[in-house]
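Below is one structure, written out as structure tokens, with a few remarks after it.
The values are calculated or read from the model by the stated rules, or taken from the named source; none is laboratory data. Owing to the predicted nature of the structure, the values given are computational and were not obtained by experimental measurement. Backbone-built Cβ (ideal geometry, glycine too); neighbour counts: all protein chains shown.
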Amino acid sequence: MHPHIAAVFKQLEDARAKLRASVDAVPTNLRSRRPGDERWSVDEILEHLSLVEQRFAALIAMRIAEAREVGLGAEQETRDPFPQALRRMFDDRANRRSAPEAVHPKGGLDHAAAWAAVERSRALMRDTVSGADGLALSRVVHSHPVFGTLNVYQLVELVANHEVRHSKQIAGIAEQFI
């Protein structure tokens, strides 16, 4: 596995460990309860995370396919760091963000189904990026209307940072319920 991919996969693993720990801190019988009006339950947050990661995996797959069509070569670049402005945005829990409707949870998933959805979306992300191992993913970019132009590695890092942000949200729910 190319070191750039290994590095971003490590970030995904670290983010998942934080998510697991924050979810485990919420009693199972409270994971479907909303902590307040206009707030998502733990299970709804998990569903949201799975929807976001699925969308980013599909986007990455599309951009890689487009790059392959025009002769994407081997990775020879250094890995650009994740933009500090985005890192600060994800770290800022004081300002709530509104997710697009397409990634709002639909509800109705019990905890086991919500966690399974998160695991499936992670497997999809890993398979998508692993399938392009060794290719110049630093040159495969997407211009996102909110996050700006990011390469594949940065898009994966965005998913990891998004998951950590919601892990902190879930930790807050745990504190509220306990």
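One table, with the values for the structure above:
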quantity: Flag for GLU119 being closer than 30 Å to ARG31 by Cβ, at pLDDT 95 or above and not basic (Lys, Arg); calculated: yes
quantity: Residue satisfying condition, being over 16 Å from ALA116 (Cβ atoms) and modelled with pLDDT of 95 or more, within set GLU69, GLU47, GLU38; calculated: GLU69
quantity: Residue match in segment 115-126 (condition: without any contact (Cβ under 8 Å) to a residue 24 or more places away in the chain, closer than 30 Å to ARG39 by Cβ and small (Gly, Ala, Ser)); calculated: yes
quantity: Boolean, ARG34 is within 16 Å of the chain's Cα centre (by Cα), surrounded by fewer than 17 Cβ atoms within 10 Å (Cβ to Cβ) and free of Cβ contacts under 8 Å to residues at least 24 places away in the same chain; calculated: no
quantity: Given (1) touching a residue at least 40 places away in the same chain (Cβ under 8 Å); (2) surrounded by fewer than 17 Cβ atoms within 10 Å (Cβ to Cβ); (3) among the hydrophobic types (A, V, I, L, M, F, W, C), index of the condition ALA94 fails; calculated: (1)
quantity: The listed residue being touching a Gly at 6+ places or on another chain (Cβ under 9 Å) and either β-branched (Val, Ile, Thr) or touching a residue at least 24 places away in the same chain (Cβ under 8 Å) (or both), out of PRO27, PRO83; calculated: PRO83
quantity: ALA160 being in a helix (DSSP H, G or I) and touching a residue at least 12 places away in the same chain (Cβ under 8 Å); calculated: yes
quantity: VAL42 vs. criteria in contact (Cβ under 8 Å) with a residue 60 or more places away in the chain and in contact with a Lys or Arg (Cβ under 6 Å, 6 or more places away or on another chain); calculated: yes
quantity: Flag for GLU119 being within 18 Å of HIS48 (Cβ to Cβ) and part of a helix (DSSP H, G or I); calculated: yes
quantity: Residue that is more than 13 Å from the chain's Cα centre (by Cα) and under 30 Å from VAL70 (Cβ atoms), where the choices are ASN151, ASN95; calculated: ASN151
quantity: Any hit, segment 90-111, residues being touching a Ser or Thr at 6+ places or on another chain (Cβ under 8 Å) and either modelled with pLDDT of 95 or more or of a type in the set (D, E, K, R) (or both); calculated: yes
quantity: Segment 101-131: number of residues that are surrounded by 14 or more Cβ atoms within 10 Å (Cβ to Cβ), within 16 Å of LEU59 (Cβ to Cβ) and touching a Lys or Arg at 6+ places or on another chain (Cβ under 8 Å); calculated: 2
quantity: Subset of segment 60-85 (residues that are under 22 Å from ARG16 (Cβ atoms) and either in contact with a His (Cβ under 6 Å, 6 or more places away or on another chain) or crowded, with 19+ Cβ neighbours inside 10 Å (or both)); calculated: ILE60, ARG79, PHE82
